[in-house]
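**Q** Just passing along the structure, written as C-alpha cells.
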2 protein chains.
Amino acid sequence: MLTTHRKQLILDTLKRDGQVIAKTMSQQFGLSEDTIRRDLRELAEQGLLQRVHGGALPASPSVVDLAGRKLLATDAKTAIAKAAATLIQPKQIIILDGGTTTQELVKHLPLDFELTVVTHSPTIAVALIDHRNIDVIMLGGKLFKHSMVNIGAAAMEAISHIRADIYFMGVTGIHAELGLSTGDLEEAHIKRALCAAAAETIVMASADKINAASRYVIGPTSDVSTLVTEASVDESILKSFESLGVSVMNAK
Amino acid sequence: MLTTHRKQLILDTLKRDGQVIAKTMSQQFGLSEDTIRRDLRELAEQGLLQRVHGGALPASPSVVDLAGRKLLATDAKTAIAKAAATLIQPKQIIILDGGTTTQELVKHLPLDFELTVVTHSPTIAVALIDHRNIDVIMLGGKLFKHSMVNIGAAAMEAISHIRADIYFMGVTGIHAELGLSTGDLEEAHIKRALCAAAAETIVMASADKINAASRYVIGPTSDVSTLVTEASVDESILKSFESLGVSVMNAK
DNA sequence: CTTGACTGTGCATGATATTGCACGATAGGC
DNA sequence: GCCTATCGTGCAATATCATGCACAGTCAAG
C-alpha cells in the first residue's frame, strides 16, 4: 500500500467519523502505531488535521470555535453602536451585517422606530422581534455559523434585488492602504455586494480593527462613507482615512 | 475514547441540560470522578464552563435559550416533538417550519447529529447554532414576525430550488374533510410550496389542532404522510385520518 | 549485476500525558 | 457546629508519544 493512499484513507476516516484513533488505525492497516503516528504528525504539519493525544481531530478545531463565540460586547462596542444608531433616519432602508457590534446597534434603536432592515443574519432578525415598526427583509443562503450570516450563491442572488440607503458593515480590519478585510472569502464577497447595494456604507470598528488587515479583501477604504470608532484611536491615522473621503465619527 | 471527544460530550451535555454533574458523567463514561473533575477544571480554565460544587454550569447564557425561552412549550408539545424527532434519519435533508413545536424538535436532536436543515425561520436557524454537524440553509423573504418566518415572493422563489426528504409542517388546524389550514394567507402559500418540495410531509399537532380549521387552506389532509399527535385524541378521529392515507403516530 | 542513496517500517528508549487512588482540605446541608 | 459529599494535590501505574537507529525493499547510476 502506498503511504499517500494510507494518508488519504486516514483523512477519509477523519472526515467520516470526526476523529481518528491511532490504535484503531494501526490495527486496520496491520501496521505499527508508530507508522500511523508518523502519518498523523506529517498530516498535522500540512495543516490537514489537528493532532491530539491518542489520535487526531479535524483541522478546524470545534472547541476553539466554541471558545471564540463571545457574545459579550465591550464598552467600546456599545459606545460605537450607540453613536452609529444616531446616523439612521426614520423610514430608511438599511442593511445590517451580522456581528456583535451590529447586534448592539439594534439594542439602541427605539422599539417604535420606523425602519426597513435588510439582513443576512438570522441573529439580527431575531433581535428585531420586538421592534414593531421595523420591517425585516431576510436574505437567504447557506448559514455560515462562525459569523452567523447567510452566504453563498443564493445570498448573492438575493442581494442583487436590494437597494438600500445605508449598509452598516462589520469588518475584521480597516486599513488606509490595504482597504477593508475580513477572515472568510465568502463573507468578503457578500460584504462587497452589500456595499454596492447601498447608497452609503458605514463601518463600525473598535480600536483593534483600525489599520489592521485580515486575509480577504472586501474593497478599498474609499468605499466607506463614514467610519464610527473610539476616541482612543490615534488622530493621524484618522486623518489618513479622512483624506480618502471617509468621514470619521468618534464615539466617546 | 479521546479525551478531547469526552470534553466535547461534556460540553454537549452542559448545553442540553444546562448543567453537568461530575458523578453522573463519571458513571456515564466509566471513569473515575477525578478524571471528570480534571476535565471540568480544564474546561473552566478555557472559560467554556463555570465550575461549581458537584459539577459545572454554562459559562454564559446560551443563545438558544435567549431565543427559545420566550415561547414556552407545553408538555404535550414536548412529547410530540420528541416522537417526531425519531422519524429523522442521519444525513437527510429536512425542512423545518417555524413555531414552538419545531423549536422543541430541534432541542431533541443530538448536538452531533448529521443533517441538512432547510428553514425559513430565523428562530430555528439560531436554535441550530450548537448543532455542529447540521448544515443550515435559510430561505429569505419578508419576515412575518407573528410566526417568525420569512414569506413573500422571495421565499417562494427560494423554495422552488429545494428538494427535501421530509417537511415538518406546523398547522393551526388539521381536519379530515376541510384539510390543513393556517391563519395567514401568505403562510398558507409558503406551506403549500414547502409541502410540494419534500418527498413526505409530517404534521405535528397537539389535540386542540385536530379536526380544527382556520381561515386559509394549505391543502388536503391526504398530502400528509404522517401525523404526530397526543394520545388524548379520540380514536375514531384518528381512524378517519388513517383512511385518508395518513399514518398516525401517538406521542405518549 | 553491483553499489549506494533513499524510503518506509518496526523496535528500543526515554519523555510526556492520562488516569486512578490516597489523603487532607473545603463546602454545603441540617 | 457536625457530618457527608466533594474537592485539590501528590504519587504511582499505565498509555501514548517523539526520537534515534536498524533493517528491508526500491531505484537508478555505474
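**Q** Are there any pairs, at least 6 apart or on different chains, whose C-beta atoms fall under 8 Å, with the first in the range B:1-14 and within 14 Å of residue B:44 (Cα to Cα) and the second open to solvent by 40 Å² or more (accessible area, probe 1.4 Å) and within 13 Å of DNA strand D (Cβ to nearest atom), and if so, which?
**A** Pairs that qualify, where the first residue is within 14 Å of residue B:44 (Cα to Cα) and the partner is open to solvent by 40 Å² or more (accessible area, probe 1.4 Å) and within 13 Å of DNA strand D (Cβ to nearest atom), are B:7/B:42; B:14/B:57.
**Q** Still on this structure, I have one more. Say we look at the range B:16-41 and pick out the residues that are open to solvent by 70 Å² or more (accessible area, probe 1.4 Å) and in contact with a strand residue (DSSP E or B) (Cβ under 7 Å, 6 or more places away or on another chain); which of these is nearest to the other protein chains (Cβ to nearest Cβ)?
**A** Out of the qualifying residues, it is B:41.
**Q** For the range A:54-64: of the residues being open to solvent by 30 Å² or more (accessible area, probe 1.4 Å) and over 19 Å from residue B:11 (Cα atoms), which is modelled with the highest pLDDT?
**A** Within the range A:54-64, the first condition is being open to solvent by 30 Å² or more (accessible area, probe 1.4 Å), and the residues that meet it are A:54, A:58-64.
From what is left, the residues that are over 19 Å from residue B:11 (Cα atoms) are A:54, A:59.
On the way: A:54: 91, A:59: 77.
So, considering only residues that are open to solvent by 30 Å² or more (accessible area, probe 1.4 Å) and over 19 Å from residue B:11 (Cα atoms), the one modelled with the highest pLDDT is A:54.
**Q** Given the conditions (1) away from every other protein chain (no Cβ under 14 Å); (2) open to solvent by less than 60 Å² (accessible area, probe 1.4 Å); (3) closer than 20 Å to residue B:129 by Cα, and given that residue B:10 satisfies all but one, which numbered condition is not satisfied?
**A** Exception for residue B:10: condition (1).
**Q** Something else now. Could you run through the range A:89-141 and say how many residues are open to solvent by 10 Å² or more (accessible area, probe 1.4 Å), more than 10 Å from every other protein chain (Cβ to nearest Cβ) and under 23 Å from residue A:192 (Cβ atoms)?
**A** Summing the residues that are open to solvent by 10 Å² or more (accessible area, probe 1.4 Å), more than 10 Å from every other protein chain (Cβ to nearest Cβ) and under 23 Å from residue A:192 (Cβ atoms) in the range A:89-141 gives 7.
**Q** Please specify each residue of the range A:145-179 satisfying the condition of being within 9 Å of chain B (Cβ to nearest Cβ), open to solvent by 10 Å² or more (accessible area, probe 1.4 Å) and within 13 Å of the chain's Cα centre (by Cα).
**A** Selection gives A:145, A:148.
**Q** Evaluate the following for residue A:2: is it farther than 21 Å from residue B:1 by Cα, among the hydrophobic types (A, V, I, L, M, F, W, C) and within 13 Å of DNA strand C (Cβ to nearest atom)?
**A** Numbers: farther than 21 Å from residue B:1 by Cα: yes; among the hydrophobic types (A, V, I, L, M, F, W, C): yes; within 13 Å of DNA strand C (Cβ to nearest atom): yes.
Yes; evaluated as a whole, the condition is true for this residue.
**Q** Looking only at residues that are in a helix (DSSP H, G or I) and under 30 Å from the mean Cα position of the chain (by Cα) in the range A:16-62, which one is farthest from residue A:5 (Cα to Cα)? Steps first, answer last, please.
**A** To start, the set of residues in the range A:16-62 that are in a helix (DSSP H, G or I) comprises A:16-17, A:22-29, A:33-45, A:62.
Next, only the ones that are under 30 Å from the mean Cα position of the chain (by Cα) stay: A:16-17, A:43-45, A:62.
Numbers: A:16: 16, A:17: 18, A:43: 13, A:44: 16, A:45: 18, A:62: 27 Å.
My answer is A:62.
**Q** Take residue B:77 and tell me if it is at pLDDT below 90, away from every other protein chain (no Cβ under 14 Å) and more than 16 Å from DNA strand D (Cβ to nearest atom).
**A** Values: at pLDDT below 90: yes; away from every other protein chain (no Cβ under 14 Å): yes; more than 16 Å from DNA strand D (Cβ to nearest atom): yes.
Here the answer is yes, as residue B:77 does meet what is asked.
**Q** Would you point out the residue of the range A:185-211, among those that are out of contact with any His (no Cβ under 7 Å at 6 or more places or on another chain) and in a loop (DSSP other than H, G, I, E, B), that is farthest from the other protein chains (Cβ to nearest Cβ)? Please lay out each step first, then the result.
**A** If we filter the range A:185-211 for residues that are out of contact with any His (no Cβ under 7 Å at 6 or more places or on another chain), which is where we start, we get A:185-189, A:191-210.
Narrowing further to those that are in a loop (DSSP other than H, G, I, E, B): A:205-206.
Details: A:205: 24, A:206: 20 Å.
This residue is A:205.
**Q** Quick one: which residue in B:186, B:200 is under 22 Å from residue B:109 (Cβ atoms), open to solvent by 60 Å² or more (accessible area, probe 1.4 Å) and in the same structural domain as residue B:105 (by TED's automatic domain parsing)? Break it down stepwise before answering.
**A** Numbers: B:186 fails: under 22 Å from residue B:109 (Cβ atoms).
Of the residues listed, the single one that is under 22 Å from residue B:109 (Cβ atoms), open to solvent by 60 Å² or more (accessible area, probe 1.4 Å) and in the same structural domain as residue B:105 (by TED's automatic domain parsing) is B:200.
The values are calculated or read from the model by the stated rules, or taken from the named source; none is laboratory data. Given the structure is predicted, the values throughout are model-derived calculations rather than measurements. Quick reminder, even Gly has a Cβ in these numbers, built from the backbone with ideal geometry, and neighbours come from all protein chains shown. Ligands, DNA and RNA are excluded from the accessible area calculation, which covers all protein heavy atoms including side chains. Shrake-Rupley method; radii C 1.70, N 1.55, O 1.52, S 1.80 Å.
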